[in-house]
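A short worksheet on the structure shown next.
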Amino acid sequence: MSREKVLSLLLAHQGESLSGQAMSRELGISRAAVWKSVEALRKEGYTISSATNRGYCLHDAPDMLRVGELTGPLEGCLVGSHLLCLHTVDSTNTECKRRALIGAPEGLVVLADQQTGGRGRLGRSFQSPPLKGLYLSALFRPRMDPRDVTDFTAWVAVAVCDGIEAACGFRPRIKWTNDIVMNGRKLVGILTEMGLESETNSLQYLVTGIGINVNQNTEDFLPEIRDMAGSLSQVLGRPVRRVQLAVHIIQALNRMYAEYPKNRAKYLSKYREDCVTIGSQVQLITATTRQEARATGIDSEFRLLVEYPDGTEAAISSGEVSVRGMYGYV
Ligand code: BTN
């Protein structure tokens, strides 16, 4: 669409003037189409000046997740090579899976300003208020045995920490397996879903969904999660641009996927450094039981190593783990 191309070009030269003629040549569209796109962008809140003989200059941009904002900084990335920016969707994971089933290519990223049916782990919902958070899902098609990708979501957790650090200047921590936390509050949830062909047990796709609390205040969280949830802006004490955050998260996912699965030692070491669960008293929760234990480490399969009060040890690969001092567990 011409408007997204014009925006992308103006953003690449933000603060500089570009003549209508140069833009029309570069983009292969008419000068009238350039002018129409500029007018439309102004109506959407972009501050674009124009002067005879000098052309158009972009001075200020609203914080909008749109293809024209993302394509420039994501040039050359496999993850983000196909983008779908929606205002409202039931769930970016569900949309990404729908597209995976009809053959969408690896690297597709679906982003939305709000989700009406955001999904979390264990059938829970993920609260996704409009324009406050970043909700995105990425499609991967690794040619691997499904049994070998169980650590994928842990790699994603490290990538999300990398992306937040690049965008915000602080590095959050990981609560095993893949909650991203800071100061005892959950900032990010990650949900990875897999498509399998049952006859051959072959992996069709992985869809990883990332939900980041970006600019929520306390009252933006529902009462039931108010004591557990936090946002990036609460940590920083200032608003965070979702577009810039999206770029850094997708770039970090792209770097991670280029190294997956061969650079396991690097991601394991980063995971261990980031993991706030190690050394903590934990509760291992199943549908019917709650067991106290102490988390002692992460093994080479990204499993949580625990020691029970009777001195026996175990490696936990799935399930829910509460960490003492977090999310109201005292
Ligand atoms: C969790 O903490 O239980 C996981 C939450 C995952 C939420 C994200 S938001 C983007 C993507 N779409 C969804 O419906 N879920 C994930």
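Overview of values
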{"quantity": "Carbon plus sulfur fraction of accessible area for the chain, probe 1.4 Å, in percent", "calculated": "49 percent"}
{"quantity": "Reduced Cα scattering model of segment 281-325, Debye log10 I(q)/I(0), q = 0.15 Å⁻¹", "calculated": "-0.33"}
{"quantity": "Built amide H within the under 5 Å cut-off of A229, gap 5+", "calculated": "K186"}
{"quantity": "Other-chain or far-sequence residues with amide H under 5 Å of I316's (modelled H)", "calculated": "L304, L305, V306"}
{"quantity": "Long-range HN-HN contacts of S280 with modeled amide H, under 5 Å", "calculated": "A295"}
{"quantity": "Per residue accessible area in Å² of segment 281-325, where ligands, DNA and RNA are left out and the probe is 1.4 Å", "calculated": "57 Å²"}
{"quantity": "Inter-label distance, nm, simple model (7 Å from Cα along the C-beta direction), L131/R143", "calculated": "4.6 nm"}
{"quantity": "Helix 2-12 axis, angle to the chain major axis (alpha carbon atoms, nearest 10°)", "calculated": "80 degrees"}
{"quantity": "Calculated from backbone phi, Karplus (6.51, -1.76, 1.60) coupling profile of segment 43-59 in Hz, x at Gly/Pro", "calculated": "5, 8, x, 7, 8, 10, 8, 9, 9, 4, 6, 10, x, 9, 9, 8, 9"}
{"quantity": "Probe 1.4 Å, accessible area per residue of segment 67-274, Å²", "calculated": "42 Å²"}
{"quantity": "Virtual paramagnetic centre 7 Å along Cα→Cβ of F170, amide N under 16 Å, in segment 186-226", "calculated": "186-188, 213-218"}
{"quantity": "Where T192, T116, T277 fall by accessible area, highest first, once all protein chains stay in place (1.4 Å)", "calculated": "T116, T192, T277"}
{"quantity": "Packing-based order for 232-240, 310-318, 69-77, using average beta carbon neighbours within 10 Å, highest first", "calculated": "69-77, 232-240, 310-318"}
{"quantity": "Segment 139-218 and segment 252-290: distance between their alpha carbon centers, rounded to Å", "calculated": "10 Å"}
{"quantity": "Mean ellipticity per residue at 222 nm, deg cm²/dmol - from DSSP H runs of n ≥ 4 across the chain, formula -39500 (n - 2.57)", "calculated": "-9000 deg cm²/dmol"}
{"quantity": "Per residue, in Å², the accessible surface of segment 1-47 once ligands and nucleic acids are set aside, probe 1.4 Å", "calculated": "57 Å²"}
{"quantity": "Using θ = phi - 60° and Karplus 6.51 cos²θ - 1.76 cosθ + 1.60, couplings along segment 155-160 (whole Hz; Gly, Pro as x)", "calculated": "4, 4, 4, 5, 4, 5"}
{"quantity": "Burial ranking of peptide ranges 198-204, 19-25, 321-327 (average Cβ count within 10 Å, highest at the top)", "calculated": "321-327, 19-25, 198-204"}
{"quantity": "Helix 242-259 axis, angle to the chain major axis (alpha carbon atoms, nearest 10°)", "calculated": "60 degrees"}
{"quantity": "Added length on full extension, which subtracts the Cα-Cα distance from 0.36 nm per residue, N53 to L222", "calculated": "55.5 nm"}
{"quantity": "Quotient of Cα Rg and 2.2 N^0.38 Å for segment 115-196, N being how many residues it contains", "calculated": "1.17"}
{"quantity": "Residue-level accessible surface for H248, protein heavy atoms, 1.4 Å, Å²", "calculated": "40 Å²"}
{"quantity": "Two-site label geometry, E320 and R290: point separation in nm, points 7 Å out along Cα→Cβ", "calculated": "1.1 nm"}
{"quantity": "Extension reserve of the E75-L101 stretch, reckoned as 0.36 nm per residue once the Cα distance is removed", "calculated": "6.8 nm"}
{"quantity": "Globularity ratio of the chain, using Cα Rg and 2.2 N^0.38 Å", "calculated": "1.10"}
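The values are calculated or read from the model by the stated rules, or taken from the named source; none is laboratory data. Quick caveat: nothing in here was measured; it's all calculated off a predicted structure. When we count neighbours, we look across all protein chains shown, and the Cβ atoms used for this are built from the backbone with ideal geometry, even at glycine. Remember, those area values only see protein heavy atoms, side chains included, never the ligands or the DNA or RNA. Shrake-Rupley method; radii C 1.70, N 1.55, O 1.52, S 1.80 Å.
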